[in-house]
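Let me begin by presenting the structure, written as structure tokens, before commenting on it.
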Amino acid sequence: MRAPRSVIVLVFLAGFATRTLGQENVYETEGTKEVTELSVDEFTRLALQESLNARISRHSLSGNTFTYRSTYLSLRYPALTAAGDASRAETKGTPSGIDSQTNTYDTSLTYAQPLYTTGGNLQTVLGQSETKNVSEGSDPFISGRKPQVNVTYTQPLFLFVHDPNKRAWRRAELSYENQLDSYETDRLGAVFDARSLYDQVLLNLAQLGVQKKKLRSSEEVKKITQAMVNAGRVAPIELNRAQIRFNDDERSLQNARVTYWQILNQAKDKVGVARDTVVVFTSTLTYTSFDASLEKLIEYAYIHQPGIRSARRNMELTEIALREVQETVHPHLTLTGTGQLTTATGAPNLQTSTTALGLPTTTGGTIADHESGWSAQVGFSWPFFDSHRTYFAVLAARESLEIARLQLQSQERNTQVQVSNAYVDIKRTEEQILGYDVNKTQSLENVRIVKARYRQGLDRLIDVFDAEDQARAIDLEYLNLLSTYIKSVDAVSQLIGGDARKVK
């Protein structure tokens with residue numbers, strides 16, 4: 001029953017202020033007819049889309065997403081590398097008087113495949129090389145191996161240490177999860193800031209309407225008092241009082257108008273609307289009971305609050321760092337296997353000479369059509385002594401881990417206290433909102449009585465206007481309570497890392 005009444009109150013005040021504002025908005029220019037209607041949801045959507053901070057946050061998340069994917073691919077997917085080089089060497093003026101030239105060409109294609117499940121690495125190289133040697137007075141000599149395939153597989157044996165690739169991937173996961181939480185925190189903050197700004201515009205709009213009504217009342221009182229002074233029915237001092245009241249209300253209206261224009265300018269800038277655009281805010285402040293219990297809010301915060309989640313991840317990262325430091329003095333075993341297959345081409349380097357008896361002979365070698373081979377190697381290393389450097393590094397890592405545990409506890413305790421305090425604010429404001437009916441009824445009854453007394457000549461007209469101003473002030477106070485209530489709920493939502501209205 002209370003929510004509809006609050007809507008009626010705000011529609012009355014905001015509607016009046018909106019109708020009168022169209023004639024006084026300094027941002028309107030002659031001929032401007034563009035009007036933009038914005039609900040609170042549309043305003044929030046535009047704020048997330050146009051806000052510079054929101055755009056920075058989105059780009060930051062995109063950059064970290066690309067880094068995350070790059071790390072994932074580097075640990076699981078292959079890479080191809082092509083390489084090649086060519087060289088020429090010339091020799092002239094040698095003691096033998098023979099000039100020579102050597103041309104060499106080398107090309108290769110390397111395929112590297114990390115095996116994430118085993119921690120090993122497979123590498124295949126397809127190569128081709130050719131050497132052409134031309135010497136003065138002899139036939140050209142060409143040698144080469146086309147193609148040459150070399151396969152190497154390296155497998156660390158994780159008997160005393162853990163897989164560093166899996167650690168690197170876990171670090172990447174934790175870092176990316178922190179970035180997701182950071183982005184969600186920024187997004188929720190932008191949403192709540194936009195909603196708060198929207199509510200502030202509505203509130204200032206209502207205040208502007210109230211000040212305009214008060215000024216008109218003061219103006220009427222001044223006119224009536226002037227007429228009564230002229231008729232000799234009241235003393236001239238009453239006119240001075242009426243003039244002072246009018247001047248005060250006029251200054252209050254000017255202040256309310258400037259404050260409204262300032263907050264309106266902020267709202268337009270927030271959503272990227274041109275300054276000369278007429279904006280109509282269509283949503284209203286409404287009251288909805290807050291049913292979530294404090295225990296459920298704290299329980300939700302322990303699971304979803306970004307600060308707590310980040311503190312847990314930081315503790316896990318510290319544990320990983322501790323194990324990594326401890327393993328620096330552990331033995332390391334590595335198994336490496338290679339296989340090679342080549343196809344030979346070219347001509348053997350044959351040279352003809354004479355023996356001691358004067359008979360010709362041929363020296364040089366032959367090139368086989370195919371060559372293949374394999375090898376296996378087991379590597380072992382154990383840095384068992386380093387002058388206690390690792391010992392103290394381990395002690396430092398343990399202290400860092402203890403700090404991370406204490407930071408997690410501190411974050412949980414602070415969250416519990418902050419949520420409890422914000423919950424008390426919600427319930428206090430809610431109680432005041434629920435008690436609004438009594439004040440509203442009393443103010444309306446006061447207006448009725450003062451009007452009756454005025455008709456009987458027992459009260460002055462200014463008393464009637466004062467009673468009406470008091471009733472408007474109570475309505476405005478109710479709107480302030482609604483705005484405070486919504487801000488308190490949004491504050492709890494930010495503290496727990498989610499919409500507090502949906503916590504059951």
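Got at least one residue in region 232-245 being more than 30 Å from R187 (Cβ to Cβ), open to solvent by less than 70 Å² (accessible area, probe 1.4 Å) and in contact with an Asp or Glu (Cβ under 7 Å, 6 or more places away or on another chain)? No. Of the residues making up region 126-135, those that are open to solvent by less than 40 Å² (accessible area, probe 1.4 Å) and either at pLDDT 85 or above or not in a strand (DSSP E or B) (or both) number 1. Among the residues making up region 259-274, those that are open to solvent by less than 70 Å² (accessible area, probe 1.4 Å) and not aromatic (F, W, Y) are T259, I263, L264, N265, A267, K268, K270, V271, G272, V273, A274. Filtering region 471-480 to residues that are surrounded by fewer than 21 Cβ atoms within 10 Å (Cβ to Cβ) and either polar (S, T, N, Q) or within 20 Å of D425 (Cα to Cα) (or both) leaves L476, E477, N480. Scanning region 160-175 for residues that are open to solvent by 40 Å² or more (accessible area, probe 1.4 Å) and under 17 Å from R309 (Cβ atoms) yields R170, R171, E173, S175. Please verify whether R275 is at pLDDT below 95, more than 30 Å from H162 (Cα to Cα), in contact with an Asp or Glu (Cβ under 9 Å, 6 or more places away or on another chain) and not in a loop (DSSP other than H, G, I, E, B), treating the condition exactly as stated. Spelling it out, it is not the case that R275 is at pLDDT below 95, more than 30 Å from H162 (Cα to Cα), in contact with an Asp or Glu (Cβ under 9 Å, 6 or more places away or on another chain) and not in a loop (DSSP other than H, G, I, E, B). Scanning region 176-189 for residues that are buried (at least 19 other Cβ atoms within 10 Å of the Cβ) and more than 30 Å from R76 (Cβ to Cβ) yields a single hit, D186.
Candidates T104, T29, T110, T117: the one that is exposed (fewer than 11 other Cβ atoms within 10 Å of the Cβ), modelled with pLDDT of 80 or more and more than 30 Å from L188 (Cα to Cα) is T117. Taking the criterion of being under 10 Å from I496 (Cβ atoms) and among the acidic types (D, E), the only residue of region 298-332 that qualifies is E299.
Considering only residues in region 220-255 that are under 30 Å from A206 (Cβ atoms) and of a type in the set (S, T, N, Q), the one that is modelled with the lowest pLDDT turns out to be T225. Only residues that are among the small types (G, A, S) and over 18 Å from S488 (Cβ atoms) were counted across region 401-444, and they come to 3.
Restricting L197, L202 to those that are touching a strand residue (DSSP E or B) at 6+ places or on another chain (Cβ under 9 Å), in a helix (DSSP H, G or I) and not charged (D, E, K, R) reduces the list to L202.
Considering only residues of region 455-470 that are over 12 Å from S218 (Cα atoms) and crowded, with 17+ Cβ neighbours inside 10 Å, which is modelled with the highest pLDDT?
Start the filter on region 455-470 by keeping residues that are over 12 Å from S218 (Cα atoms), which leaves 455-460, 467, 470.
Of the ones still in play, those that are also crowded, with 17+ Cβ neighbours inside 10 Å are 459-460, 467.
Details: D459: 77, R460: 74, A467: 83.
Filtering region 455-470 for residues that are over 12 Å from S218 (Cα atoms) and crowded, with 17+ Cβ neighbours inside 10 Å, the one modelled with the highest pLDDT comes out as A467.
Per the listing G358, G307, G365, the residue uniquely farther than 30 Å from P156 by Cα, modelled with pLDDT of 90 or more, out of contact with any strand residue (DSSP E or B) (no Cβ under 9 Å at 6 or more places or on another chain) and not aromatic (F, W, Y) is G307.
Touching a helix residue (DSSP H, G or I) at 6+ places or on another chain (Cβ under 6 Å) and not in a helix (DSSP H, G or I): which single residue out of V234, V210 fits that description?
That would be V234, the only listed residue that is touching a helix residue (DSSP H, G or I) at 6+ places or on another chain (Cβ under 6 Å) and not in a helix (DSSP H, G or I).
The values are calculated or read from the model by the stated rules, or taken from the named source; none is laboratory data. Note that the coordinates shown come from a computational prediction; the quantities given were computed from them, not determined experimentally. We place every Cβ from the backbone using ideal geometry, glycine too, and count neighbours over all the protein chains shown. Just so you know, the surface numbers come from the protein's heavy atoms only, side chains and all, with ligands and any DNA or RNA stripped out. Shrake-Rupley method; radii C 1.70, N 1.55, O 1.52, S 1.80 Å.
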